[in-house]
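Let me begin by presenting the structure, written as structure tokens, before commenting on it.
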Amino acid sequence: DDLQAMVDEGTLGEVVILDGFDTCVLQLMNGDVDAVMAGFDIVNSYMKQNPDKLKVIGDVDTYEEMGFAVQKGNAELLEKINAGLANVKENGVYDELVKKWKMS
């Protein structure tokens, strides 16, 4: 629902749900998807294994320590994700989600 809201706002493109983070990373490195989202420890582990192909972006400031991984060099998508995150923080959606999911 939260990702769909970002799609509806125009801050995120099509959302694809895949089985398993290995599949997500493989699709990201193959260029089949533009970004993936998972727990920070998982994302960071894959980033360390593939430092030339993956990059962790965004601030980690949630209880769940979530992060986004974007193909290295994809500055356009990085800007869109950062703008979307700034937007949901500015419009209060971020705080609503933190409260809803008891992440603080």
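The values are calculated or read from the model by the stated rules, or taken from the named source; none is laboratory data. Owing to the predicted nature of the structure, the values given are computational and were not obtained by experimental measurement. Every residue, glycine among them, receives a Cβ derived from its backbone with ideal geometry; neighbour counts consider all protein chains shown.
Being at pLDDT below 85 and under 13 Å from the mean Cα position of the chain (by Cα) is true for just one of Leu85, Leu54. Which residue is that?
Just a single option satisfies the conditions, and that option is Leu54.
Does Val36 satisfy the criteria of being surrounded by 10 or more Cβ atoms within 10 Å (Cβ to Cβ), at pLDDT 80 or above, in contact with a Phe, Trp or Tyr (Cβ under 8 Å, 6 or more places away or on another chain) and part of a helix (DSSP H, G or I)?
Taking the combined requirement at face value, the residue does not satisfy it.
Quick one: in segment 39-49, which of the residues that are of a type outside the set (Phe, Trp, Tyr) and under 13 Å from the mean Cα position of the chain (by Cα) is surrounded by the fewest Cβ atoms within 10 Å (Cβ to Cβ)?
Within segment 39-49, the match that is surrounded by the fewest Cβ atoms within 10 Å (Cβ to Cβ) is Gly39.
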